[in-house]
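Undergrad: Once you've had a glance at the structure underneath, I'll fire off some questions.
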Amino acid sequence: MSNECEFTGRIALVTGAYQGIGKALVEQLLARGAIVVAADIATAASQLQEVTANHFQIHLDVTNKNLVQTVVEEIEIQLGAIEYVASVAGILHMGTLLEQSDAQWLDTFAVNCHGPFYLCQAVANKMRIRKRGAIVAVSSNAASTPRVNMGSYCASKAALSAMIKTLALEVAPFNIRCNLVAPGSTDTQMQQQLWRDENGAEQTIQGDLTQFKLGIPLGRIASATDIANSILFLLSDQARHITMANLLVDGGATLGH
């Protein structure tokens with residue numbers, strides 16, 4: 001794991017920080033001495049609010065470009081330079097592409113692709129002036145592997161992955177790294193909505209050929225901390241020569257693809 005001292009006193013912005021992977025990442029960063037801004041649409045604070053030492057929260061709807069820019073400016077003015085960004089916020093609307101509504105399709109792309117674009121653009125423009133920074137976006141193994149009833153999610157995560165890799169190419173001359181973490185089945189609220197009953201986790205591990213899902217070779221569902229650890233690594237100096245990477249963290253569910 002990364003050198004804990006490197007995060008001390010440095011500012012990290014995490015979206016989707018209210019629960020699941022985002023919350024776990026906030027905890028990991030705080031434990032390593034970072035100054036963390038936990039941003040989420042579920043947070044009521046309209047301005048930076050200190051929860052505990054070095055832990056701030058703020059309301060953020062990532063689909064609102066003006067609000068994203070305002071929040072980034074407020075952090076930079078009140079706390080200082082943003083060194084790390086983790087774009088974790090995401091949504092899933094289940095349903096076939098033949099039946100999914102326009103609203104669900106557009107909402108999925110607004111949160112999973114447009115929001116990260118607004119966030120990365122706002123922060124990367126600050127980072128390039130300072131010639132340093134690290135960005136990690138949470139994609140999905142579904143970005144490269146089709147999933148039944150998840151068409152808009154798959155498409156939005158594929159678009160996110162292409163955007164982050166292109167951004168990484170553009171900002172590499174400014175010493176800014178951009179990478180992706182692609183989780184598979186993870187024990188979060190989003191995953192749990194896919195389970196029909198109390199056997200959902202075991203069925204996911206075993207797979208379902210009627211849904212063209214092979215199961216998980218490692219035999220377990222990832223925890224939110226498992227994914228947060230991967231994000232932390234890519235943000236850290238241990239990954240200082242890694243950019244444009246897509247780190248698959250799915251226990252082998254997509255056989256490395």
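Undergrad: Is it the case that some residue within the range 193-204 is basic (Lys, Arg) and without any contact (Cβ under 8 Å) to a residue 12 or more places away in the chain?
TA: There is at least one residue in the range 193-204 that is basic (Lys, Arg) and without any contact (Cβ under 8 Å) to a residue 12 or more places away in the chain.
Undergrad: Residues in the range 1-32 that are outside any loop (DSSP other than H, G, I, E, B), without any contact (Cβ under 8 Å) to a residue 60 or more places away in the chain and surrounded by fewer than 24 Cβ atoms within 10 Å (Cβ to Cβ): how many?
TA: Count: 4.
Undergrad: Tell me, which residue of the range 33-55 that is buried (at least 20 other Cβ atoms within 10 Å of the Cβ) and either in contact (Cβ under 8 Å) with a residue 60 or more places away in the chain or touching a helix residue (DSSP H, G or I) at 6+ places or on another chain (Cβ under 8 Å) (or both) is farthest from Ala110 (Cα to Cα)?
TA: Ala34
Undergrad: Okay, next question. When the residues of the range 84-141 are narrowed to those that are among the hydroxyl-bearing types (Ser, Thr, Tyr) and touching a helix residue (DSSP H, G or I) at 6+ places or on another chain (Cβ under 6 Å), which ends up farthest from Phe212 (Cα to Cα)?
TA: Among those residues, the one meeting the criterion is Tyr84.
Undergrad: Quick one: Lys131 ticks every box in (1) among the charged types (D, E, K, R); (2) modelled with pLDDT under 95; (3) under 17 Å from Val85 (Cα atoms) except a single one, so which number is it?
TA: Checking Lys131 against (1) among the charged types (D, E, K, R); (2) modelled with pLDDT under 95; (3) under 17 Å from Val85 (Cα atoms), the one that fails is (2).
Undergrad: Right, something else. Please go through the range 216-254 and give me each residue that is assigned to a loop (DSSP other than H, G, I, E, B) and closer than 21 Å to Gly200 by Cα, ordered by number.
TA: Ile216, Pro217, Leu218, Gly219, Arg220, Ile221, Ser223, Asp250, Gly251, Gly252, Ala253, Thr254
Residue by residue, here is whether (1) closer than 29 Å to Cys154 by Cβ; (2) of a type in the set (Ser, Thr, Tyr) holds:
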position	(1), (2)
Leu13	yes, no
Gln19	yes, no
Gly22	yes, no
Ile35	no, no
Thr43	yes, yes
Ala53	no, no
Val71	yes, no
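Undergrad: Only one of Ala253, Ala201, Ala168 is in contact with a strand residue (DSSP E or B) (Cβ under 8 Å, 6 or more places away or on another chain), over 20 Å from Val14 (Cβ atoms) and either surrounded by 14 or more Cβ atoms within 10 Å (Cβ to Cβ) or not charged (D, E, K, R) (or both); which?
TA: Ala253
Undergrad: At pLDDT 95 or above, part of a helix (DSSP H, G or I) and within 25 Å of Ser230 (Cα to Cα): which single residue out of Val36, Val62, Val72 fits that description?
TA: Val72
Undergrad: Residues to consider are Phe174, Phe212; find the one that is aromatic (Phe, Trp, Tyr), over 22 Å from Phe109 (Cβ atoms) and touching a helix residue (DSSP H, G or I) at 6+ places or on another chain (Cβ under 8 Å).
TA: Unique residue meeting the criteria: Phe174.
Undergrad: Can I ask one more? Across the range 110-156, which residue is nearest to Arg177 (Cα to Cα) among those that are in a helix (DSSP H, G or I) and of a type in the set (D, E, K, R)?
TA: Per the stated criteria, the residue is Arg128.
Undergrad: Inside the range 39-59, can you point out the residues that are small (Gly, Ala, Ser) and part of a loop (DSSP other than H, G, I, E, B)?
TA: Residues satisfying the conditions are Ala42, Ala44, Ala45, Ser46, Ala53.
Undergrad: What do you reckon, is Lys131 in the same structural domain as Ile11 (by TED's automatic domain parsing), out of contact with any His (no Cβ under 9 Å at 6 or more places or on another chain), charged (D, E, K, R) and crowded, with 22+ Cβ neighbours inside 10 Å?
TA: Answer is no for this residue.
The values are calculated or read from the model by the stated rules, or taken from the named source; none is laboratory data. Only a predicted model underlies this, so the values are computations on that prediction, with no experimental measurement involved. Reconstructed Cβ throughout: ideal geometry from the backbone, glycine too, with neighbour counts over all protein chains shown.
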